[in-house]
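Peer 1: Structure below; questions to follow.
Nothing in this text is a laboratory measurement; each read-out follows from the coordinates by a stated rule. Worth saying up front: this structure is predicted, and the values here are computed from it rather than measured. FYI the Cβ positions are ideal-geometry reconstructions off the backbone, even for glycines, and counts take in every protein chain you see.
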Amino acid sequence: MFNNANTFGAMATAPPAREPARQVDHLIIGAGFAGLCAAIKLQEAGETDFVVIEKGSDVGGTWRDNTYPGAECDVPSQLYSYSFAPNPEWSRSFSPQPEIQAYIKRVADESGTLDRFVFETVATDARWDDDRQRWVVETTGETYLAKTVISGAGGLSEPKLPEIEGIETFQGELFHSARWNHDVDLTGKRVAVIGTGASAIQIVPAIQKKVGHLDVYQRTAPYVIPRNDRPYTGIEKLAFKRIPGVQSLYRDAIYWGRETYVPGFTLLPKLAWPAKQLALKNIQRGIKDPELRRKVTPTFEIGCKRILLSNTYYPALDADNVDLVTDPIAKVTGDAIVTEDGVERPIDVLIVATGFYTTELPITEHITGRSGQTLADRWRDSGMQAYKGTTVADFPNLFFIVGPNTGLGHSSMVFMIESQVTYIVDAIRTMRAHDYGAIEVTQEAVTEFNDDVQRRMKRTVWTTGGCASWYLDSHGKNTTLWPRSTFAFRGLLAKFDVAAYRVSAPVPAPQAKQEVPA
Ligand code: NAP
């Protein structure tokens, strides 16, 4: 139905147990914003012996995969871009997906790192070999023996199918928002979209005029505020190109504007009252039908789930060819969706915009640490946790970008990615300077850091706001979001703090092209 394999793949088949291993200093997994940033910054630090493994055939990660109609970023591009690669060519304040993907490709092309990217290759297993102080990483291509592994596999890369009775029996076209099937012509068709999250609210207005009839299945009404998007004027674009500092002024203004949301999310949800009024007015402005207005009015505190941005979603829902269905789905048949009230709505195409695996990540089943335990087992009871969202006890020389509790509800993940890459590159620099073979964060440091994160989490709107969300794991613990300002995060990761780590002297380098034991 759709490919659920990630760059660190749950569905890939394992390569032969024995084969010559290729040695590299650093193995980066994923070629999205995170993996590319790691490659560029390692190269700048003189760490040129690295390989980037990528499941897809191009760079871009989530921006390569999410090609659904209407895909745009809800963080302005001046901020949602690398600080070291400003782009004077942005056409508007919030960029559409093709522009972001083109930007990532251009940065990759100009970085001089692409010769070390290996595409269409899935890492299937990673095991720490303590005797050799190396990660043995099996992939669908070569096997690698790497001093460090940097995971840039991302938190929103594994599409989640809804568990609905009979969905596998559907005979029409069915695809996930992140695996859009562009071969399917929606013109005049009866289409259903399941989900009303960030992806769905962009898809619905983009396809509404084209389809014959559209049923939108809503489980929880989201808050949707207006999107203050506009094209840049010619003068602005000229200024971005010609006047030094103008773009960084825009960036700084957006950054600090966004950062003012943090107290409303993390300390005093009442501060978000103006945003709630904006969202409620957006409903009034976009929808005439009083019953539909009632159905789309959220029943939890604003910010508890991601706040969405759109000027076109509500008018699309109010259109004559669209029905918002709020009765729970009972089952899917060969050609229809049946709700619990017994109504059957026939469809030709079923689009599931039901999000991603975010807390119980399948990749963790495939990473085995020093004591032989997988990351999935290590996190089974505690939930995902890492030191500064980056390192995990028992998993030496392994670094996560966009790891546990690094997500944001208000600002640019690229800012967080750059903060983590600074820390990781400094760790690698420290290892080289002091000739450490391995560094492993202590469990005490991990526990202390996470106790603080969870203590802060208690008063956030994500915990108190009265909603269920993908921010929370199956124990109700928020293991995805960062509960402080982004500048606090940056400060914490500004320098590698070796005191939180156990360090070991190096063992002699294994011979090149070594046999990997079965
Ligand atoms: P999402 O926010 O997780 O939304 C999934 C939607 O599917 C929710 O409405 C959810 O309902 C519904 N759903 C899930 N399972 C269902 C089921 N079994 N039956 C009925 N409904 C079901 O996923 P997403 O929209 O793909 O967005 C994921 C994240 O990607 C976003 O939060 C954002 O971080 C990022 N994103 C960003 C942009 C952007 O920048 N513009 C665009 C797209 C995505 P409930 O609310 O009841 O769970």
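Peer 1: Hey, what angle do you get for helix 33-44 against the long axis of the chain, alpha-carbon based, 0 to 90 degrees rounded to 10?
Peer 2: Compared with the principal axis, the helix lies near 30 degrees.
Peer 1: Next up: When only DSSP loop residues count, what GluC sites (Glu not before Pro) in the range 389-446 have their Cβ near at most 12 other Cβ atoms within 10 Å? Walk me through the numbers on the way to the answer.
Peer 2: Numbers: sites: E418, E440, E444; in loops: none.
Hits after loop and neighbour filter: nothing returned.
Peer 1: Additional query: Angle between the Cα long axis of helix 273-286 and the longest principal axis of the chain, 0 to 90 degrees, nearest 10?
Peer 2: Between helix and principal axis, roughly 50 degrees.
Peer 1: What is the distance in Å between the Cα centres of the range 355-403 and the range 189-229?
Peer 2: Between the Cα centre of the range 355-403 and that of the range 189-229, the gap is 34 Å.
Peer 1: Right, next: Quick check: net charge around G56, other residues with Cβ under 14 Å of its Cβ, Lys/Arg +1 and Asp/Glu -1? Walk me through the numbers on the way to the answer.
Peer 2: Details: positive: K55, R64, K105, R179; negative: E54, D58, D65, E120, E158.
Summing Lys/Arg as +1 and Asp/Glu as -1 gives -1.
Peer 1: Ok, one more. Angle, helix 443-457 long axis vs. longest principal axis of the chain, Cα atoms, 0 to 90°, nearest 10?
Peer 2: 20 degrees
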